[in-house]
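The values are calculated or read from the model by the stated rules, or taken from the named source; none is laboratory data. These numbers come from a predicted model, not from an experiment. Glycine gets a Cβ as well: all are built from the backbone with ideal geometry, and neighbour counts include every protein chain shown. Side chains are part of the model used for accessible areas, which takes the heavy atoms of the whole protein and leaves out ligands, DNA and RNA. Shrake-Rupley method; radii C 1.70, N 1.55, O 1.52, S 1.80 Å.
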Amino acid sequence: MSKEQNFVKTAVIGHPIAHSKSPLIHNHWLNAYGLKGEYTAIDIAPEALESGVRQLVEEGYAGFNVTVPHKQAIIPLCDEVDTLARTIGAVNTVTIRKNKLYGTNTDAYGFVQNIRSTLERDNISWNFSGGKAVVLGAGGAARAIVYALALEGAPEIVITNRTLEKAERLVSLAPDIIKVVDWEARDQALEGANIIVNTTALGMDGQPPLDLNLSAAPTGALVTDIVYAPLMPPLLEHAKSRGNPIVTGIGMLLHQARPGFELWNGPLPTVTKKLETAVLEAT
Ligand code: ATR
């Protein structure tokens, strides 16, 4: 093998894609590790997915991230999809080797690593297995998060969602420990919680705030939100003011990008304050 490093082409595909922060994150790391390569954002409409992906293979891409609306549609186009992505039902990271596509999902990893690294940074002692998890929302992000919570040893997971049937569809991820609760009963569901996760878009810039009364939640319950614009949505402000440990959402976006970078470029990159600031400034 030549010592000269090849130029590694990678990308994120989605529709629309202009808003994606992934190019900033990956190009920051390529630069930080002195690697030759480029990560671009490629808009592929749903009807052009198969031909668009074939073109990436032909052009010698090492892999790509997959975002809305292709995370499910990419599955049958992959030659192999690992158990994690199959269980979550979505692929967000594809590696191309010898013209074959290998799909995985790094959202569960991103969720867990964001919490672990924040706990370490803030010197907080807290464990996933310490009690009940309460998850608000039942969309695509919730699926990966509920599965991550089950893998990390949450003894019970309560899911509450405006549309009850969507929450019920998540039960099969861990039927022995998942319970579904009406959206109207969400405040009471917080009693005895060890972790509270907002996976809905509520609280995001331009969206209504999440109406959640934390009074019943223990002050030791970790409160986290996948929303990162703003970085401190009202839920996290409220949780912080009553002394709960909090974890902001930006880290999930940054940490979920790490395994893909490692698969395509070699090093498992680190998430730095500098990178976090750059992404937040671009948001
Ligand atoms: P993602 O893939 O990011 O999770 P999604 O699949 O569109 O996005 O899911 C959005 C989540 O936010 C859903 O749980 C949605 O509730 P429904 O399943 O009832 O649609 C929730 N959500 C969005 N707007 C909401 C609102 N105004 N009130 C309550 N929940 C809301």
task: Send over a whole-number figure in Å² for the accessible area per residue of the chain, probe 1.4 Å.
output: 47 Å²
- line: log10 I(q)/I(0) for the range 215-263, Debye formula on C-alpha points only (no solvent), q = 0.13, 0.17, 0.28 Å⁻¹, two decimals, reads -0.36, -0.54, -0.97
query: Helix 140-151: angle to the longest alpha-carbon principal axis of the chain, degrees 0 to 90, nearest 10?
result: 70 degrees
- prompt: Relative to the compact globular guide of 2.2 N^0.38 Å, what is the alpha carbon radius of gyration of the range 63-136, as a ratio?
  reply: 1.38
task: Grab the beta carbon distance between Val57 and Asp187, set R0 = 51 Å, and tell me the FRET efficiency rounded to 0.05.
output: 0.55
Highest-MSF residue in the chain out of Thr118, Thr104, Thr200 [GNM, Cα springs under 10 Å]: Thr118
Values of log10 I(q)/I(0), in the order q = 0.11, 0.13 Å⁻¹, for the range 1-109 under a Debye, Cα-only, solvent-free model: -0.33, -0.47
field: the chain: radius of gyration and largest Cα-Cα distance (Dmax), Å
entry: 19.2, 62
task: Quick one: which residues, 5 or more positions from Val158 or on another chain, have an amide H under 5 Å from its amide H? H modelled 1.01 Å from N in the peptide plane, none for Pro or chain starts.
output: Ala133, Val134, Val135, Lys179
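Please get the size of the charge dipole for the chain, origin at its Cα centre, with Cβ charges of +1 on Lys and Arg and -1 on Asp and Glu, quoted in debye to the nearest 20.
Charge dipole of the chain: 560 debye, to the nearest 20.
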- request: Check each of the GluC sites (Glu not before Pro) in the range 1-79 and keep only those in coil by DSSP with at most 15 other C-beta atoms within 10 angstrom; list them in order.
  value: Glu4, Glu59
- prompt: What angle do you read, to the nearest 10 degrees and between 0 and 90, between the alpha-carbon axis of helix 22-32 and the longest principal axis of the chain?
  reply: 70 degrees
field: Using alpha-carbon coordinates, inclination of helix 107-121 to the longest axis of the chain, degrees
entry: 70 degrees
message: Within the chain, which is the longest segment that contains none of the chymotrypsin sites (Phe, Trp or Tyr not before Pro) sitting in a DSSP loop with at most 14 other Cβ atoms within 10 Å?
response: 34-283
field: Accessible surface of the range 50-107 [probe 1.4 Å, protein heavy atoms]: carbon and sulfur percent
entry: 46 percent
- prompt: What relative contact order, as a whole-number percentage, does the range 27-143 give when Cα pairs under 8 Å and 6 or more residues apart are counted?
  reply: 17 percent
message: Whole percent per 10 Å bin, from 0 to the bin with the longest distance: what is P(r) over all C-alpha pairs of the range 242-283?
response: 25, 44, 25, 5, 1
